[in-house]
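**Q** Provided herewith is a single structure, encoded as C-alpha cells, for subsequent inquiry.
The values are calculated or read from the model by the stated rules, or taken from the named source; none is laboratory data. As the structure is a computational prediction, the values presented were derived from the model and not from experiment. Here Cβ is always computed from backbone atoms with ideal geometry, including for glycine, and neighbour counts include all displayed protein chains.
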Amino acid sequence: MDASLHQRARGLQQGWPLELALPNDAQLRAPTLAEQWRLWWRVSRALLETLAGTVAVWIERHRQRRDLAALEPYLLRDLGLTREQALYEASKPFWREGLTWQQALCEARRPFWLE
C-alpha cells in the first residue's frame, strides 16, 4: 500500500528510507486524456453553477428592488424606511449589493412620526 505524498514528505522528515519518501512513477505520470477531460468538465460545471447562481441572485435582487419602489408609504413606515431610502435602494443597479437588513434597521431608527 502506497503512502500519500504528504505522508511520504512527513516520513522523510522523520527519517524514513529515501525510496519510501520519494514519489513513484505512477504519481509522476502525466494525466491521461480521460482524466484531463474529467477535470475540464468538473471545472466547467463549477463555473457554470457559479454563473447560474450569480444570475439568479441578480434576477431576485432586481425583482425585490422593483417591488420596493412600488410599496405604499404605510408599508414603508412598517419597514422603518423613508420614501427616499426606498427609492435610493431601488435605484441601484441589480449587480450592486444593497443594505443588509441590520444596516437598514440602524439607518431607520428614527420614529416614523418625526419624518
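**Q** Given the structure, is Trp95 modelled with pLDDT of 65 or more, among the hydrophobic types (A, V, I, L, M, F, W, C) and part of a loop (DSSP other than H, G, I, E, B)? Explain how you work it out, then say what you get.
**A** Working: modelled with pLDDT of 65 or more: yes; among the hydrophobic types (A, V, I, L, M, F, W, C): yes; part of a loop (DSSP other than H, G, I, E, B): yes.
So Trp95 fits the description; yes.
**Q** While we're here: When you go through Leu76, Leu48, Leu12 one by one, which is the residue that is modelled with pLDDT under 65 and either in contact with a His (Cβ under 6 Å, 6 or more places away or on another chain) or in a helix (DSSP H, G or I) (or both)?
**A** Leu12
**Q** Moving on. Tell me, which residue of the range 30-88 that is surrounded by 10 or more Cβ atoms within 10 Å (Cβ to Cβ) and among the hydroxyl-bearing types (Ser, Thr, Tyr) is nearest to Gly98 (Cα to Cα)?
**A** Tyr88
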